[in-house]
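Trainee: Would you mind keeping the following structure in view while I ask a few things?
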Amino acid sequence: MKLLGTFITMMIVLGASLNNPVFASEDVFDDHEKLEKDMMYRILEAEDQRRVGDPVLTEALKDSSQRIVVRALEALGRIGDPSSIQLMKPFLDSTRPSVRSAAIFGMGLIGGDEGYQILWEHVSKEKSPGARKTLFLALGRIGKRETVPFFAAELKREIRPEVLSGLAQGLGVLWLQSTVEWETPPGLLKRLIDLTREKEFIALPAAFALARYRGDPAQYPLQELYSALRGTSSRKARCFLIRALGKIKAADVTDRLIERLSLDPWWGARVEAARALGNSQASSAILEALKTALKDPSTQVISEALTSLAKFGGNAETIFADIERLLQVHPSQWIKMTCLETLVAIRKELARERVMEALESTSEMVRLSAVRQLGVYADAADLEKLLQLATSDEVRVAGAAIEAWGKVSEEKIPPELKDILRAALGKGDLVLTSLSADFAASHQWTDFAADLARVYRSMNGADYLETRLAILGALEAIGGPSEVPVLEEALNDPERVVVMAAASAYKKITGVDVSHRIPVASRVEGATPSMAEIERAVGVNVLLETERGPIEIITTRDAPIVSLSFLNLVKKGFYNHLTFHRVVPHFVAQGGDPRGDGYGGPGYLIRDTVTLTSHDRGTIGMATAGKDTAGCQFFFNHDPNLHLDGQYTVFARVVRGLNIMDQLEVGDRIFRAAIKE
């Protein structure tokens, strides 16, 4: 009876399940979802902690869930262990395109000869357009000379838009990363130009490749390039085509660039035209065009026009008075600073009075610029002034003075400067230390090596990362056997980039290759945030109240741990009153540095979360000093920066205020950063 009762109970439960299938499946689904969520967090934790050889990842690769397998493959790629390539290789044969794409992406991040060879052999097998695009992007990042003719052949026969975009972008990245000029297959440039007439999805990467072409500019089919510039419907592609034109030295090209600088409705295209003209031979037509550009409504264009005029030196003397007038009347401190630098480059004798006036400016930016220019003059009075400024208690002033000394010829450098720089090292400031290290290395002050080695031991912590790198670079240039003990210590640094620098210096000084001591990844301290915290960091709106106006951004799903770090800093008021310390026209506007000079950090480092997300206009990335060294500094992408894809972490995008982003200048403040409720 007991057995029969159990059987009846089972039948009742089964009947209830059959009559209420949703109720039963919800229980199963909830359990499955919980297990999957738990595994996804364990993968994320292994990735964030950079745990090389973590069994969690090996276990995840065996999971029946496609999502878990894809996530594990991405994690292996971000950790970067070359031995993981063999773990990933079998997944290139998966029946699921998303799994193959993840394996390809991961191998591309790791790179190296082994990964390249495996991906190269996979080309003939891969049929999925999406996976094939990822494959060509990966090969572009780690490709070699023979990759160029292969890409050229593929571009000729391929017709699928998604694959064509991957081929073009991959080729552009490949050219960008090559250090030598590789032979260009016949018809390749013509094919790329033809693709710029397609929809933006294809036109943009094709134009990017044309702009990054490293070969002989005479090979550009000039008339076709002109036609493409007129005919492309993509504003973004047009900017890259202007860059390509800027490589060609011809009067006719100059006329086209002048036309773009004068008439193009997009400020980014005008910036590119001004930049391209600066690489040309100075002529009255170019000078007149750049002079006119000094009245452009965009300060980005004005800044680039000034930079181009500075390249012409004395050949731009006819514009000197116009720039001098602009220095006096323009309200932008960024433009004033650039004017001063341009005046000195064109005619330093005539600019001297302006430099001396600027030394008394109420604008710190202008004043520091004037200090840097003093090194150009270098008569007895100037050198005495620079010695005084290099001992200033104001770190930025002292740093600017050290930079100015870098412009002074060797025979004019007084012996006491060495003592001043030694004293600067004793202040423990990361910028003064870095600048002093660079100066000593450039002047081959071998007796300075002992001082740098001594100071190195006090430069601990995340915020001193770049300083440690500067010291190690200097020791490689001027160090000797006495500095080897410090290099031994540096070989145990938790940051991989520091160990790499130490290994390079060690080999230079001792002749011994210790590259086997370079770890696969940095050593991470501190726990990974909880899944609940991470989930709350996705889709959060933040309002940046800047000097130019409000910019609203939203965190994306691409890099939730990076987003969480950013949001935590926002909550603390960390970004309030900080500045944008770096603006490169039609490239990026970078800010979030508590020092305001590019060296500051939050006191910790966060790891890269590189994805396939493109650095398109309005996306926001994290600035780094090498792999896995992000902190608090972020940058806005003015327009597509395709060469940054797969290199830097995108964690947010602008949802309102793109026009404000375009107006940001060096020195502009973030009055307040706050999470929108």
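Trainee: Work out the length of the dipole vector of the range 530-677 about its Cα centre, built from +1 on the beta-carbon of each Lys and Arg and -1 on the beta-carbon of each Asp and Glu, and round it to the nearest 20 debye.
Mentor: The calculated dipole for the range 530-677 is roughly 280 debye.
Trainee: Compute the separation of the alpha-carbon centres of the range 597-637 and the range 213-275 and state it in Å as a whole number.
Mentor: So the separation of the two Cα centres works out to 31 Å.
Trainee: Also: Of Ala211, Ala674, Ala623, which is farthest along the charge dipole of the chain in the positive direction, counting Lys and Arg as +1 and Asp and Glu as -1 at C-beta?
Mentor: Ala211
Trainee: Let me ask another. Enumerate the lysines that Lys571 could reach by cross-link, defined here as Cα to Cα under 19 Å, with residues fewer than 8 away along the same chain left out.
Mentor: Lys676
Trainee: Also, I was wondering about something else. Give the angle, between 0 and 90 degrees and rounded to the nearest 10, that separates the Cα long axis of helix 2-19 from the longest principal axis of the Cα atoms of the chain.
Mentor: Helix 2-19 sits roughly 50 degrees off the main axis of the chain.
Trainee: What is the distance, in nm, between label points placed 7 Å from the Cα along the Cα-to-Cβ direction at Asp63 and at Phe201?
Mentor: About 3.0 nm, to one decimal.
Trainee: If you don't mind, there's one more thing I want to ask. Averaging the inverse of every distinct alpha carbon separation and then flipping it gives the Kirkwood radius. What is it for the range 373-414, in angstrom units?
Mentor: Kirkwood hydrodynamic radius for the range 373-414: 9.9 Å.
Trainee: While we're looking at this one, here's another question. In nm, what is the difference between 0.36 nm times the number of residues separating Glu552 and Ser392 and their Cα-Cα distance?
Mentor: Contour length minus the Cα-Cα distance gives 53.6 nm.
Trainee: For the range 23-146, what size does the Cα cloud have along each of its three principal axes, sorted from largest down, in whole Å?
Mentor: 59, 32, 18
Trainee: Something else: Suppose each label sits 7 Å from its Cα in the direction of the beta carbon; what would the Gln219-Ala380 distance come out to in nanometres?
Mentor: Simple spin-label model gives 5.8 nm for this pair.
Trainee: Something else now. Helix 299-312 sits at what angle to the longest principal axis of the chain, using alpha carbons and giving 0 to 90 degrees rounded to 10?
Mentor: Approximately 50 degrees, to the nearest ten.
Trainee: When only alpha-carbon atoms are used, what values of Rg and Dmax, in angstrom, describe the range 418-523?
Mentor: Cα radius of gyration and Dmax of the range 418-523 are 12.7, 40 Å respectively.
Trainee: Once Lys and Arg get +1 and Asp and Glu get -1 on their Cβ, which of Ala474, Gly461, Gly428 lies farthest toward the positive end of the dipole of the range 418-523?
Mentor: Projecting each Cα onto the dipole axis, the largest value belongs to Gly461.
Trainee: Go through (i) 44, 29, 24; (ii) 40, 29, 27; (iii) 47, 33, 26 and flag the label whose value is the computed semi-axes √(5λ) of the Cα gyration tensor in Å for this structure.
Mentor: (iii)
Trainee: Summing Lys, Arg as +1 and Asp, Glu as -1, what charge do residues with Cβ under 13 Å from the Cβ of Tyr506 carry, Tyr506 excluded?
Mentor: Once all neighbours under 13 Å are counted, the net charge is -3.
Trainee: Starting from 0.36 nm per residue, how many nanometres of slack lie between Ser178 and Arg536 once their C-alpha separation is accounted for?
Mentor: 124.7 nm
Trainee: So how strong a dipole does the chain carry about its Cα centre when Lys and Arg Cβ are +1 and Asp and Glu Cβ are -1, to the nearest 20 debye?
Mentor: Computed about the Cα centre, the dipole is about 1560 debye.
Trainee: Taking the alpha-carbon distance from Lys127 and a cut-off under 17 Å, which aspartates and glutamates remain once sequence neighbours fewer than 8 residues away in the same chain are dropped?
Mentor: Asp93, Glu154, Glu158, Glu162
Trainee: Per residue of the range 548-554, what does 6.51 cos²θ - 1.76 cosθ + 1.60 with θ = phi - 60° give for ³J(HN,Hα)? Whole Hz please, x for Gly and Pro, Karplus curve as stated.
Mentor: Residue by residue, the range 548-554 yields 8, x, x, 10, 9, 10, 9 Hz.
Trainee: Let me ask something additional. Rg/Rh for the range 531-675 to two decimals, with Rh computed the Kirkwood way over all alpha-carbon pairs.
Mentor: 0.91
Trainee: Another question about this same structure. Can you list residues whose amide H is under 5 Å from Asp296's amide H, if they're 5+ apart or on another chain and H is modeled 1.01 Å from N?
Mentor: Under 5 Å from the amide H of Asp296 lies no amide H from a residue far enough along the sequence or on another chain.
Trainee: In debye to the nearest 20, how big a dipole does the range 339-459 give about its Cα centre with +1 on each Lys and Arg Cβ and -1 on each Asp and Glu Cβ?
Mentor: 240
Trainee: Can you give me the distance in nm between label points at Lys572 and Val56, each placed 7 Å from the Cα along the Cα-to-Cβ direction?
Mentor: 2.4
Trainee: Figure the gain on full extension for Lys156 and Ala462 (residue separation times 0.36 nm, minus the Cα-Cα span) and round it to one decimal in nm.
Mentor: 105.3 nm is the gain from fully extending Lys156 to Ala462.
Trainee: Further, regarding this structure: Residue farthest toward the positive end of the dipole of the chain, with Cβ of Lys/Arg at +1 and Asp/Glu at -1: which of Pro186, Gly170, Leu76?
Mentor: Pro186
Trainee: Nearest 10 degrees, 0 to 90: what angle lies between the long axis of helix 129-142 and the longest principal axis of the chain (Cα atoms)?
Mentor: Between helix and principal axis, roughly 40 degrees.
Quick note: the coordinates plus some simple rules give every number you see, no bench work behind them. From a predicted model like this one, the values you see are computed outputs, not experimental measurements. Cβ coordinates were reconstructed from backbone atoms using ideal geometry, including for glycine residues, and neighbour counts include every protein chain displayed.
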